[in-house]
Amino acid sequence: MLDAMNYRDAQQEYLRFGKALLSGDSNFPEIPPAVSTDVFDTFVEESIAAKIFRFITMGSDVVKFYAKAGALNVYAPNEASPTPETKLSFDPPIVLEAREVRAVSRISDVAEEESVVDLVAMTVEDMARSIADAVDKNVFRGRGDGSDAYNLFTGLQHAHTLAGSRTQTRDLEKAPLTVEHVNSAVAALEELGYRDDLVMIIHPKAALHLRNDLAEKGLETISADVLRTGEVNAIFGLKKVYVTTHLEKRNYSSSDNSKVSDVIVCSARDAGVGGYRRSLRIERDRDVEAGLTKVAASIRFAWRIARTDAVYIIRNVLAE
């Protein structure tokens, strides 16, 4: 009964908000909790990055995040000898600085009252998905040059370009990805102590060749899962495999149009950290002549690569 009541209350909030959006009233109301909550829930649900990495709720636009540099020491003291004290050590703080991303949509002014709720709900969902798309592209392939909403931060695909980077790379020179390549990447990270939360992020076309290699090795069931579900548990020592088009696919060179991409193997716990302000701003602008209401939704989020040595990039993998 409570769920039904909550649903009806949310519907009423959507209806009132939708009417306010489409009206000429200058006293635009505050965003109802149902709308704001749905945007963030949809963002978290749709974002692959938010599933892989730690995303903290930021109380301000600038937040310091501390990562452990070492664990406590364990001793076997002699009888009657005091145990030396140790304490956790931390690397210099990671500074998260939130940047704004904005999605714009349009709603027809001639919408019937009974369809307003659905129109607003679909608009909210679409904007949340667009924001999730922007976050994922920043996390995976962003160049950090601020050229557009998809390059506000340096993504994992460019971790090796950061100053002082310890990211390991291997260039396949447009060769297909194989099990051996993945195993080598996992072994390199395991040697550094990254074992428990290793994930692989791969473009669908690069995954196609890995699937073929798995099938040739008699692992047909696993090879089908790589593309069908996008996630495969307990394979190659990886916790999960994520197949996504958010990784950049490009020409191999200016004179070679063969399509290649990069494969990222990293520690989900250590490679990077993100954050977002759990506040939503919605603005509107009515186009009376066209009979449309423009709606803009904005959130602020941040992303930083925390440990470059927790990232291994297999570069120039065949992706066609």
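The values are calculated or read from the model by the stated rules, or taken from the named source; none is laboratory data. Quick caveat, the model's predicted, so the values are computed rather than measured. A quick note on method: Cβ atoms are made from the backbone with ideal geometry, for glycine too, and the neighbour counts reach across all protein chains shown.
For the range 191-209, the set of residues classified as in a loop (DSSP other than H, G, I, E, B) and either β-branched (Val, Ile, Thr) or touching a residue at least 40 places away in the same chain (Cβ under 8 Å) (or both) consists of Leu192, Tyr194, Arg195, Asp196, Asp197, His203, listed by residue number. Residue count for the range 249-269, restricted to those that are at pLDDT below 95 and crowded, with 23+ Cβ neighbours inside 10 Å: 0. Residues that are surrounded by 14 or more Cβ atoms within 10 Å (Cβ to Cβ) and at pLDDT below 85 within the range 231-240 comprise Glu231, Val232, Ile235, Phe236, Gly237, listed in sequence order.
Would you check if there is a residue in the range 20-29 being surrounded by fewer than 16 Cβ atoms within 10 Å (Cβ to Cβ), under 28 Å from Ala134 (Cα atoms) and at pLDDT 80 or above? Checked the range 20-29: no residue is surrounded by fewer than 16 Cβ atoms within 10 Å (Cβ to Cβ), under 28 Å from Ala134 (Cα atoms) and at pLDDT 80 or above.
May I ask you to verify whether Ala159 is more than 25 Å from Ala296 (Cβ to Cβ) and part of a helix (DSSP H, G or I)?
Details: more than 25 Å from Ala296 (Cβ to Cβ): yes; part of a helix (DSSP H, G or I): yes.
Taking the combined requirement at face value, the residue satisfies it.
All conditions in (1) out of contact with any strand residue (DSSP E or B) (no Cβ under 6 Å at 6 or more places or on another chain); (2) under 29 Å from Asp287 (Cβ atoms); (3) at pLDDT below 75 hold for Ala34, with the sole exception of (3). Applying the criterion of being surrounded by 17 or more Cβ atoms within 10 Å (Cβ to Cβ) and over 18 Å from Val317 (Cα atoms) to the residues of the range 198-230, the residue that is modelled with the highest pLDDT is Leu198.
Under the condition of being surrounded by fewer than 17 Cβ atoms within 10 Å (Cβ to Cβ) and of a type outside the set (D, E, K, R), the residues counted in the range 145-169 number 8.
Test Arg304 against the criterion of being touching a Gly at 6+ places or on another chain (Cβ under 7 Å) and surrounded by fewer than 20 Cβ atoms within 10 Å (Cβ to Cβ), and give yes or no.
yes
Every residue, every condition in (1) over 27 Å from Asp61 (Cα atoms); (2) of a type in the set (D, E, K, R), yes or no:
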| position | (1), (2) |
| --- | --- |
| Lys240 | yes, yes |
| Val243 | yes, no |
| His246 | no, no |
| Arg250 | yes, yes |
| Ala268 | no, no |
| Gly275 | no, no |
| Thr308 | no, no |
| Val311 | no, no |
| Asn316 | yes, no |
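Remark: pairs (first residue in the range 142-158, closer than 19 Å to Val199 by Cβ; second residue among the aliphatic types (A, V, I, L, M); Cβ separation under 6 Å; 6+ apart in sequence or on different chains) = Gly155/Val139; Leu156/Ile264; Leu156/Val311.
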